[in-house]
């Protein structure tokens, strides 16, 4: 694999919070078509890494590039315009807005219509139709007019992700896409998400996830973080066979299930 | 939605017929309503729609009122239309730098910062005696309406007929424009910021820029409302800029209900008439109003509008 093929590339990222070193020389490259999972125990630096990749945090050392551009600390708005979107660990929605409105926000922003002061949103067919298309991909179209706060928990999570997909990003960062979703619904959420990515033409997915079934079931590559460093960066079958990683990061064999 | 239209139509008809039925005393109360309704429409773009509580809108109200005083007393300008335009431009021009500073903060910090700017302006009005007349304030001479010189008309007639209909028309225009703003893509972005600024930013909405724009528009509304109030009393003084005046506007907004487009205007209407009634009964009207405010926050956080309407025209 050539270096040029990397869409997102982090090199030697170091991030300090005061004296605490959250990331210590982390490098990572994500290429066209990849689904990469970042795993690690609490405090390993996963969220910090996501926030660096999302342009929210500027690393103390190292560079992070998206399509060859330095995106260290450029902020969420500019990153969204460049073509990278993210979802949040905790369900992040606009509770009082309808499901349709929530997705329309992303489309209005993408089409740069947020400055239109006197245009009637209700008459904007393009925004409405694109929003309904995205909702249909996530199976939420029938609840378009419902206030977002009335959705079931799993659907709120889907709406959060759907609004990010409405930006038509090239790369999407998912911060624990199935956290807070019941075990039974996790696979359904992931299936919807992967199918929608294909339809929208997303070029790469980077996720942080705790659920090892999801991680091993969907990833092309797994990056295991431990104490701010990359412990392993390999395909799932290699990670699974690596006893050191299993002991340090996963804590138990991935096939293990409580009875 | 048609029911809502009927209600709005009936309200407009009632406003138009009011001076024919009511005494001049009550008709002049409505002039206060027209001014404050415009002010709180603007305030609520910031509060109800964007989620920023300004405790400094007295600054812009005073700015608009003093603009009317300056133009009529010092510059010989009598055209009310010109006064309103100058007030709007002055409000926006002052709000641009003030807003650029304030919108970097949210919640209580934003409220306190706006309050500080208003008190700064209050001090300016008090101290620069030779310019502003200090605590005595300034006179506002009778303006001409649509180029119509009304200097010879008796005062009561001017206020309850000519100025009454003029001011109600200004309110109507201001309300229609605001209705368009809140229903626009811009308005949707403001509501997304109110709900969750972090998420809004991640969807590509420039939070600071939108908050700033809402602040500037809101200030222009306050200044127009202030300018419209000025000829009613014929006098402006620094108490217009005092923070308790901002408190009254926030009270009106909460009283009527900030989550409804028409809530704040309803609040202004009730506030003005209630204040008049309570003040004539007991001197401690603030005590009574404090109790009312507490009761609303506890028992009806949606304000009076929550008793009147369920959802049409909802800000949410």
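Nothing in this text is a laboratory measurement; each read-out follows from the coordinates by a stated rule. Values in this document were obtained by computation on a predicted structure and should not be read as measured data. Here Cβ is always computed from backbone atoms with ideal geometry, including for glycine, and neighbour counts include all displayed protein chains.
Take every Cα pair under 8 Å whose residues are at least 6 apart in sequence, average their separation, divide by the length of region B:202-316, and the relative contact order is 26 percent. Between the beta carbons of residue A:195 and residue A:133, assuming R0 = 22 Å, the FRET efficiency works out to 0.95 to the nearest 0.05.
On the basis of the beta-carbon distance and an R0 of 56 Å, residue B:279 and residue B:2 show a calculated FRET efficiency of 0.90.
Mind running the shape call on region A:3-250? Use the C-alpha gyration tensor, a ≥ b ≥ c as the square roots of the eigenvalues: rounded below 1.5 for a/c, prolate if a/b tops b/c, oblate otherwise. Cα axes put region A:3-250 in the prolate bin.
Could you tell me whether region B:1-49 comes out rounded, prolate or oblate from its Cα gyration tensor? Rule is a ≥ b ≥ c as square roots of the eigenvalues, rounded for a/c under 1.5, then prolate if a/b exceeds b/c, otherwise oblate. Here region B:1-49 falls in the oblate category.
Relative contact order for region B:27-242: 48 percent, from Cα pairs under 8 Å spaced at least 6 residues apart, divided by residue count.
Highest mean packing first, where packing is the average number of other Cβ atoms within 10 Å per residue, the peptides A:210-217, B:15-22 line up as A:210-217, B:15-22.
Ordering B:165, B:36 from the fewest to the most neighbouring beta carbons within 10 Å gives B:165, B:36. When Rg and Dmax are taken over the Cα atoms of region A:1-97, they come to 14.0, 47 Å.
Rounded, prolate or oblate, given the Cα gyration tensor of region B:1-123, with a/c below 1.5 counting as rounded? Note, shape of region B:1-123 comes out oblate.
Region A:116-159 and region B:68-143 have Cα centres separated by 42 Å. In terms of other Cβ atoms within 10 Å, B:149, B:276, A:160 run from fewest to most in the order B:149, B:276, A:160. Residues B:307, B:55, arranged from fewest to most other Cβ atoms within 10 angstrom of their Cβ, appear as B:307, B:55. Contact order for chain A, expressed relative to its length and based on alpha carbon pairs under 8 Å spaced 6+ residues apart, stands at 25 percent. Normalised size of chain B, defined as Cα radius of gyration per 2.2 N^0.38 Å with N residues, equals 0.96. Shown is the FRET efficiency for residue B:297 and residue A:220, computed with R0 = 45 Å from the Cβ-Cβ distance and rounded to the nearest 0.05: 0.25. Taking only the Cα atoms of region A:88-187, the ratio Rg/Rh comes out at 0.97, with Rh defined as the Kirkwood radius.
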